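Notes for the one structure printed next.
Bear in mind these aren't lab numbers, they're just calculated from the coordinates by the rules spelled out. Values in this document were obtained by computation on a predicted structure and should not be read as measured data. Neighbour counts are summed over all protein chains in view; Cβ atoms, including those assigned to glycine, are modelled from backbone coordinates with ideal geometry.
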Amino acid sequence: MRHILSIITVFALLLTSCTGEQGPPGFDGYDGVNITGQSFERTIDFTFNNSYQETVEIPLDIDLYESDMVLVYHLRGQVDGYDVWKALPETVYVNSTEEFQYDFEHNFDFVTIFIESHPTFDFNLLLDEERINQTFRIVVLPVDFVNSSNLDINDYDAVMEFVE
């Protein structure tokens, strides 16, 4: 019995110490540059004068590629000292019959964040706390990484873990 145990031990050591060909390379970024997500925040006011929209320029210190994904999150408040963020588009119900959305669109250099609703929506229904001092976090993610991982872009914590 000892002889069989010795043989099994020797084979186990040999098999675990063997080396083979190197596996496929991992995700290294573009031309050796490490790709990470980047983010910044802006606090804006939605008013009649700006047509309930604000255009934000993506800072020049953020490396931006044509293929990158831009996401926007709305700060909804705090719970137990932690920020609560909601992914856009976000629907807000004013009453049992009226609703509006915070939404966004972007081109290469700018992100426009706006409030939209149906054509007959009365913007006077909006409360100041729904229009004034609204904080948004704009997150720029390399789309190659997003497509190659299991990242849930609707999960703010998962996205920020990737960014940080």
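Given H placed on each backbone N at 1.01 Å, which residues far from residue 99 in sequence or on other chains put an amide H within less than 5 Å of it?
94
Rounded to whole Å, give me the distance from the Cα center of the stretch 72-100 to that of the stretch 46-67.
Each part reduced to its Cα centre gives a spacing of 19 Å.
Using modelled amide H (1.01 Å from N, peptide plane; none on Pro or chain starts), what sits under 5 Å from the amide H of residue 76, excluding residues fewer than 5 places away?
Placed amide hydrogens put 84, 85, 86 under 5 Å from residue 76.
Would you mind computing, in nm to one decimal, how far apart the modelled labels at residue 157 and residue 143 are, each placed 7 Å from Cα along Cα→Cβ?
Each label point is offset 7 Å from its Cα along the Cβ direction, giving 2.9 nm.
Based on the mean of other Cβ atoms within 10 Å per residue, sort peptides 132-142, 77-87, 51-61 so the most packed one is first.
Numbers: 132-142: 18.7, 77-87: 11.3, 51-61: 14.0.
The peptides rank, most packed first, as 132-142, 51-61, 77-87.
Once the other residues with Cβ under 15 Å from the Cβ of residue 84 are scored (Lys, Arg +1; Asp, Glu -1), what is the net sum?
Working: positive: 76, 86, 137; negative: 41, 80, 83, 90, 129, 155, 157.
Overall, the nearby charge balance is -4.
Just subtract the alpha-carbon distance of residue 57 and residue 135 from 0.36 nm times their residue separation and send over the number in nm, one decimal.
On the way: separation 78, 0.36 × 78 = 28.08 nm, distance 1.50 nm.
Gain on extension, residue 57 to residue 135, equals 26.6 nm.
Report the label-to-label distance for residue 83 and residue 101 in nanometres (one decimal), using points 7 Å from each Cα along the Cα→Cβ vector.
2.4 nm
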